[in-house]
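The values are calculated or read from the model by the stated rules, or taken from the named source; none is laboratory data. All of these numbers come straight from a predicted model, not from anything done at the bench. Don't worry about glycine lacking a Cβ; one is built from the backbone with ideal geometry, like all the others, and counts go over all protein chains shown.
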Amino acid sequence: MGKPNDLVQGTLDLLILKTLSPEAMHGWAIGKRIQQVSGEVLQVQQGSLYPALHRLEQQGWIKAKWAESETGRQAKFYSLTAAGRGQLQKESANWARLSAAIELVMAEA
Amino acid sequence: MRWLAQVRMKIEMLFGRGKAAARLDDELQFHIERQTAENVAAGMSAEEARYAALRAFGNVALVKDVTHETWAWVWLERFVRDLRYALRQLRKSPGYTCTVIGMLALGLGATAAMYTVVDRVLLRPLPYDHPQQLVKIAESGKKGTVSWGAPYLDLREWAERSRTLKQIGFFSTANLSRVSFLEDNAGAAQVDSPQVSSNLFATLGVQTALGRGFKAGTDWGSVSAEDAHSLILSDTVWRTAYGSDSKILGRTVKMSGDSFIVVGVMPRGFTFPFGGARPVVWRPIILGDADKVRAAHGMASYQAVARLRPGISLNAAQAELRGIQAGVAAEYIEPFQREQVNSIELQTYGDSLVKDNVRKSLLALFGASGVLWLIACLNVTSLMLARSSARQREIAVRGALGASRWQIVQQLLAEGLVLSVLGSLLGLALGTLTLQLFAHALTTQFSVHQRMTPSVSVIAALAGLTVLSALFSSLLPAVGAARASIEPALRTGSPQSGAGRGQHRLRAVLVITEIAMSLTLLAGCGLLLRSIYALKHVPLGFRTDHVIVANMTIPAYKFAGRNMTTEFYEPLLERVQHVPGVQSASLMTEVPLGKTFQMIFTFAADGNSAADVRRRELQSQFRVVSPEMQKVFGFTMLKGRFFNQGDTPGSQPVVVVNRAFEKAWTGQDDDAGKILGTTLMSYGKDRKAMVVGVLDDERQVSVAEQSKPEVEVCLPQITPDTMFYKGAEGMAMDLAVRTERSPSSIMPELRQLLRNASPELANSNFTTMDQIVEDSYGSQQLATRLLEIFGGCALLLCVSGIYGLLAYLVNQRTRELGLRMALGAQRGQVMGLVLRQAGWMLLAGSALGLVLAYFSSLLLSMFLYGVKPHDPWTMAAVTVVLLACGLASAWLPARRAAAVDLMQALRTE
């Protein structure tokens, strides 16, 4: 995993939850979406993406379902659970507070 | 509902691991395919697109592994893998595996067996509410604790004045030794029928399951007169005697000839007093005139059980009651009665059930089994150390391949766990077997009437101990192995490079500790063997060979209003004497050492002369015997005569006393016979009994105790109008038969004969006098047998420990020894080298062991008879045995060392 996007553990989880909030997606699409939306800044490595997805699934924040993908092949689609939606709100609020705080410190300096 | 999803996930991951792995493969595969498709769309060739996708993905196997790690149950998966690997390792070295399992089985089996006994005897749960609050109150004084209870007036005084006790209930077991015969659907069941106060069940915190308890009368604790013929059944009696009859309440039942109406049934599992062998029914205590006066050991005495108020300690309650009792004792008119009851002894009810010496002996034996377990663990540790140094290379390779230290430790611990689980299974089997072998001794010693099989709590404790054994014996080797640096182990590559000096020293320390602990056990064993030997050579004062004893439960109610002596006992005896092969037969309320029934006779003497005081304090054994008794047991007469056919109801009542009685009565220790002609007791109006003979002393209470004063009265002279007729004849009677025939051939005949006399007697307990004597060695015998086993096992473990260490060292030093011989050392010198090593371990271990034995044998002092706890001969003997065995076990490795083939040894590397 490259240094610039060596995201804090919780941050990747937050990004995944946020990405999944509009619709169910498979792993490849999640990585692609994060990359696109961040303007190619954030590149999620497979080595962290899949463990994170499985961990979130074990924890009950997201659920998985096998369905036909855009290529016609069966793929594992992840979607948010009700609990996951709640978690996303909480984590987003936390993130907003944290980034605002960091901004304040940076502005001061 | 998040937890629901989590639980579903957990279950899925537990049972569908293979499927999940396949799906993960598929998921990652899809990722790569999708990326490939993307790359193709961007204009790459198929081949190029696929490589680019793979490159972008990185290490597929690693991603799989890391993802796998996030799954639930990963720890379990690892654990199972370790176990599987451990099993494979152990299968490869069956000798080592069997040795370790055997050693652990000895230690764990002994501990499990002893814990089963402790659990059954000391830790058994009482079927009452908050049993730790229940206490037993007994009066005490000059003659010690009064065991037969206290008069009603005293109990009421305590109940009225005590602030520390919530409630006092009372009961009477005065006729507990006399079985009651409860007529049921089938016949007559033998039951115990204690009498209880109206508040006893409430004090115990238990209510009837069916019906009601006894109605309270106007006086405190008493039962209302309308309940005088009411009966409460235990669940056992209700089920077995009346087939759980739902209409039992209100039914009239007959017990020992009297009619009772069943008013209640107690819940399942409830029994009181605790620990009796027979099922129980409860009768009410109806107060009478006898309860209006205070008389120490009067006829009306009750045992008191009380419940402490919450938060009150036993000592606080005892202090308070002692204060109250000072006032109560002052109410006694007779001064010598007063000083017998001027204090109070309080015990928790649970403690009152187990005699103090039984508790101590059990704990001592439990401790001994614990020591054996420790020895086994030390031995296994030592073996594992040797094995781990032999496996150094393998472990180093695993380290080199990326196993973390923790993983290596885990692996070795798993091996230890497998071994100790197998060991504990085998141990459990051994322990159960031991308990079976000792079932008779355990039952007679601890009066536990359930089967001694390991309970759930024993299994749980054993499981705990198993894990502990695994940790104990494999943690040290495991940590040692994990800490060893990888590189040198890989480089040297020789199986002989072995462990450093530190490890040898550690193993030597383990072996020395083992020797010391074994010596401690052996010393205890030796002391007990001496005691048993001394006990077996105590002159008992009577013959025990060829005597068969039947302990009869007498259905006295059937003979109400008749003379049992002439209508029951004499005809029965007559018939027994005519059985072929019977030389003589006799009746006796209790045979010597019988422990089934005891009557104590005391003498009233007013006045304050020295003789009066002495006689008042005399507590004499009291036995009713028939004239043939002397022929059966061969008692020696010192002076006068024994009973004979001329002693009839019409003739002068006569009694025979023993030497101890005469000494206590006259206060003098000179010639026997002075007491002859003295009148001791009254049989009724104008019938004073006179002493006609003095018996030599015999051991009648216990083999280890000196003879107690004893009075014997003649059975044919006891008639229904004799004062003590009811107590003497209606409760218990032993039939003693001298015969040349084998017990097994004559017992069925005698049993049939008893059955014909009265059907209830068919249940009589038959045994031989030899067995009774054997049983009376009791705790010593049991403790000796168990310690023999423990000591033997310890010696075996110790010997194998010494052998194991030396054999290993010789193996390690093959090259060095070969070199020494090449340089001119003689074979004898090489042998000496090895034996010297064994010698100093043995000496150091023995020295340490003697110090330990010095202290531990003090714990045994209550078992010892005729030998001091620090008997130098015993200590010397066991030390010599241990040293001899130790040297013998060192002999083999020493010989092998001396037989080392020179060239072979030098070529070894």
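Okay, here's what the table says:
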item	result
Sole exception among (1) at pLDDT 90 or above; (2) within 14 Å of another protein chain (Cβ to nearest Cβ); (3) closer than 30 Å to B:Leu378 by Cα for B:Ala105, by number	(2)
Residue in region B:115-128 that is in the same structural domain as B:Ile285 (by TED's automatic domain parsing) and of a type in the set (Val, Ile, Thr) present	no
Wholly within region B:670-773, strands (runs of 3 or more DSSP E) carrying at least 1 residues that are closer than 22 Å to B:Gly646 by Cα	B:679-684, B:687-695, B:710-714, B:732-739
Cross-chain or 6+ apart pairs with Cβ under 9 Å, region B:232-252 first and within 16 Å of B:Val263 (Cβ to Cβ), then part of a strand (DSSP E or B) and of a type in the set (Lys, Arg)	B:Ile232/B:Arg283
From B:Leu437, B:Leu433, residue being under 15 Å from B:Thr111 (Cβ atoms) and either hydroxyl-bearing (Ser, Thr, Tyr) or free of Cβ contacts under 8 Å to residues at least 24 places away in the same chain (or both)	B:Leu433
Among the candidates B:Ala46, B:Ala41, B:Ala61, residue that is within 60 Å of the chain's Cα centre (by Cα), exposed (fewer than 14 other Cβ atoms within 10 Å of the Cβ) and free of Cβ contacts under 8 Å to residues at least 12 places away in the same chain	B:Ala61
Matching residues, region B:64-75, being in contact (Cβ under 8 Å) with a residue 60 or more places away in the chain and on the phi < 0 side of the Ramachandran plot	B:Ala72
Test: residue in region B:176-190 that is modelled with pLDDT of 90 or more and assigned by TED's automatic domain parsing to the domain that holds B:Gln318	no
Helices (runs of 4 or more DSSP H) lying entirely in region B:309-416 (those with 1 or more residues that are within 34 Å of the chain's Cα centre (by Cα))	B:314-330, B:349-353, B:356-390
First in region A:83-99 and away from chain B (no Cβ under 14 Å), second anywhere and surrounded by 18 or more Cβ atoms within 10 Å (Cβ to Cβ) and of a type in the set (Asp, Glu), Cβ under 9 Å, 6 or more apart	A:Glu91/A:Asp13
Test: residue in region B:330-347 that is crowded, with 22+ Cβ neighbours inside 10 Å, over 30 Å from B:Thr271 (Cα atoms), among the aliphatic types (A, V, I, L, M) and in contact (Cβ under 8 Å) with a residue 40 or more places away in the chain	no
All helices (runs of 4 or more DSSP H) inside region B:21-101 with 1 or more residues being touching a helix residue (DSSP H, G or I) at 6+ places or on another chain (Cβ under 8 Å), at the interface with chain A (Cβ under 8 Å from one of its Cβ atoms) and not basic (Lys, Arg)	B:46-57, B:60-69
Matching residues, region B:207-231, being on the phi < 0 side of the Ramachandran plot, in a strand (DSSP E or B) and more than 37 Å from the chain's Cα centre (by Cα)	B:Ala216, B:Val223, B:Ser230
Subset tally (residues that are farther than 20 Å from B:Ser246 by Cα and either in contact with a His (Cβ under 7 Å, 6 or more places away or on another chain) or not hydrophobic (A, V, I, L, M, F, W, C) (or both)) for region B:205-224	8
Subset of region B:8-19 (residues that are facing chain A (nearest Cβ under 9 Å) and either hydrophobic (A, V, I, L, M, F, W, C) or in contact (Cβ under 8 Å) with a residue 12 or more places away in the chain (or both))	B:Met9, B:Lys10, B:Met13
One residue from B:Tyr865, B:Tyr854 being over 30 Å from B:Leu892 (Cβ atoms), assigned by TED's automatic domain parsing to the domain that holds B:Leu528, out of contact with any helix residue (DSSP H, G or I) (no Cβ under 6 Å at 6 or more places or on another chain) and not acidic (Asp, Glu)	B:Tyr854
Qualifying residues in region B:22-37 (those that are more than 10 Å from A:Arg73 (Cβ to Cβ) and surrounded by 16 or more Cβ atoms within 10 Å (Cβ to Cβ)) - the one farthest from the chain's Cα centre (by Cα)	B:Thr36
Scan of region B:49-107 for residues that are in the same structural domain as B:Gln35 (by TED's automatic domain parsing) and of a type in the set (Lys, Arg), ordered by number	B:Arg50, B:Arg55, B:Lys64
Test: residue in region B:78-88 that is on the phi < 0 side of the Ramachandran plot, among the β-branched types (Val, Ile, Thr), modelled with pLDDT of 85 or more and surrounded by 15 or more Cβ atoms within 10 Å (Cβ to Cβ)	no
Selection count, region B:281-302, where residues are surrounded by 22 or more Cβ atoms within 10 Å (Cβ to Cβ) and either outside any loop (DSSP other than H, G, I, E, B) or free of Cβ contacts under 8 Å to residues at least 24 places away in the same chain (or both)	5
Test: residue in region B:615-626 that is more than 39 Å from the chain's Cα centre (by Cα), on the phi < 0 side of the Ramachandran plot and surrounded by fewer than 17 Cβ atoms within 10 Å (Cβ to Cβ)	no
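For every residue, the table says whether it meets (1) in contact (Cβ under 8 Å) with a residue 60 or more places away in the chain; (2) closer than 21 Å to B:Asn763 by Cβ; (3) out of contact with any strand residue (DSSP E or B) (no Cβ under 7 Å at 6 or more places or on another chain); (4) surrounded by 14 or more Cβ atoms within 10 Å (Cβ to Cβ).
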position	(1), (2), (3), (4)
B:Ala556	yes, yes, yes, yes
B:Met564	yes, yes, yes, yes
B:Val579	yes, yes, yes, yes
B:Ala585	yes, yes, no, yes
B:Pro592	yes, no, yes, yes
B:Met599	yes, no, no, yes
